[in-house]
Amino acid sequence: MKVKFRRSWLSAALAVVMAVSLLAACGKSNGDLTKVTIGEVTRSLFYAPEYVAIANGYFEDEGIDIELTTTPGGDKTMTALLSGTIDVALVGSETSIYVYQQGSDDPVINFAQLTQTDGTFLVARKPIDNFDWQSLKGVDFLGQRKGGMPQMAGEFTLKKHGIDPQKDLNLIQNVDFANIPAAFLSGTGEYVQLFEPQASIVEKEGKGYVVASFGVESGHLPYTVFMTKSSYINKNKDVVQKFTNAIHRAQLWVASHSAEEIADVVLPYFENTDRAIAISAIDRYKQQGSYASDPIVDETEWNNLLDVMTSAGELKERAPYDKLVTTTYADEAIKSVK
């Protein structure tokens with residue numbers, strides 16, 4: 001059912017692309033700065049290096065004026081990219097594969113990685129010492145949306161521990177992404193798969209406890225990546241390079257600064273988030289290596305992603321790395337950014 005849904009939004013998006021008149025790839029704003037619109041799939045502390053790059057002026061240093069928009073959901077983000085509403089998408093690499101599977105003649109290219117692990121945690125209602133994955137058998141498990149990377153990484157982890165998500169537990173997937181934390185707090189599920197800062201918030205309220213990390217368990221993945229259409233890259237190679245330089249500069253800054261320092265830079269993007277919660281969330285992601293240290297999407301990570309998608313039954317055929325990934329701009333950024 002979900003596969004049909006993805007096909008429908010992709011088909012609709014491609015139709016929009018064909019119908020819309022061609023627009024200039026980049027507009028000029030703020031004097032000599034080149035405007036680039038980013039569509040992020042959600043607003044999350046998981047994306048801290050992105051906000052650091054903007055707040056610390058790294059994009060401006062490269063001559064880029066960033067317009068940041070949030071387009072909740074991978075389908076909406078990819079539709080915005082395909083239709084030209086945004087220039088660059090920050091979303092999971094699986095979305096570029098879904099577009100490729102539809103036979104697009106303007107493939108979406110992954111050019112700069114931001115996060116390299118799953119960002120969700122397993123939260124139990126009660127504290128558990130020496131958690132054993134086998135204890136999940138027979139429980140009510142509040143999971144993520146089918147076909148999305150959080151759910152695929154979650155199921156991949158469960159299978160790794162000998163648990164069949166469809167048979168060994170009661171998997172609940174009919175709750176919208178934004179409502180999952182509230183559903184758990186209201187009594188749905190014995191366990192839940194949560195991103196930060198929700199996991200830390202639930203812990204602070206004493207209503208749940210992190211017992212394991214899906215990011216650690218599922219390994220390195222091109223989990224959240226900056227991507228754009230092949231046609232955009234062909235017309236704006238210099239802009240894509242400068243964009244990647246700014247991201248790598250932010251990655252180096254994040255790697256060399258504390259969770260407290262990072263939180264103070266990014267908190268303006270999270271007006272209703274408590275500083276202590278932000279620090280806890282950022283520290284948890286830093287400790288498990290979720291923030292990519294460089295922008296390269298390497299082939300090992302890509303193949304791990306394909307394994308995860310295959311395990312979830314979401315892959316028609318293995319998508320070729322050399323057609324959907326470029327490391328040209330990441331390689332140059334590593335050489336030039338110190």
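The values are calculated or read from the model by the stated rules, or taken from the named source; none is laboratory data. In this text, all values refer to a predicted model and were calculated from it rather than measured experimentally. Cβ placement follows ideal geometry from the backbone for every residue including glycine, while neighbour counts extend to all protein chains displayed. Surface areas here come from the heavy atoms of the whole protein model, side chains and all, with no ligands, DNA or RNA. Shrake-Rupley method; radii C 1.70, N 1.55, O 1.52, S 1.80 Å.
Observations on the structure shown:
- Being open to solvent by less than 10 Å² (accessible area, probe 1.4 Å), within 23 Å of VAL308 (Cβ to Cβ) and at pLDDT 95 or above is a property that VAL91 has.
- For the range 53-75, taking the residues that are surrounded by fewer than 20 Cβ atoms within 10 Å (Cβ to Cβ), part of a helix (DSSP H, G or I) and touching a residue at least 40 places away in the same chain (Cβ under 8 Å), the one that is farthest from the chain's Cα centre (by Cα) is identified as ASP61.
- Residue check for LYS323: out of contact with any Phe, Trp or Tyr (no Cβ under 9 Å at 6 or more places or on another chain) and either assigned to a helix (DSSP H, G or I) or surrounded by fewer than 23 Cβ atoms within 10 Å (Cβ to Cβ) (or both): no
- Leading residue by the ranking (farthest from VAL108 (Cα to Cα)) among those in the range 319-338 that are charged (D, E, K, R) and at pLDDT 95 or above: LYS335
- Residue count, the range 185-233 (criterion: touching a helix residue (DSSP H, G or I) at 6+ places or on another chain (Cβ under 7 Å), open to solvent by 40 Å² or more (accessible area, probe 1.4 Å) and of a type in the set (D, E, K, R)): 3
- Conditions (1) open to solvent by 30 Å² or more (accessible area, probe 1.4 Å); (2) in contact with a Phe, Trp or Tyr (Cβ under 8 Å, 6 or more places away or on another chain); (3) more than 24 Å from GLY154 (Cα to Cα); number of the one not met by ALA250: (1)
- Residues of the range 258-294 satisfying the condition of being farther than 21 Å from THR224 by Cα and open to solvent by 20 Å² or more (accessible area, probe 1.4 Å): SER258, GLU260, GLU261, ASP264, PRO268, GLU271, ASN272, THR273, ASP274, ARG275, ALA276
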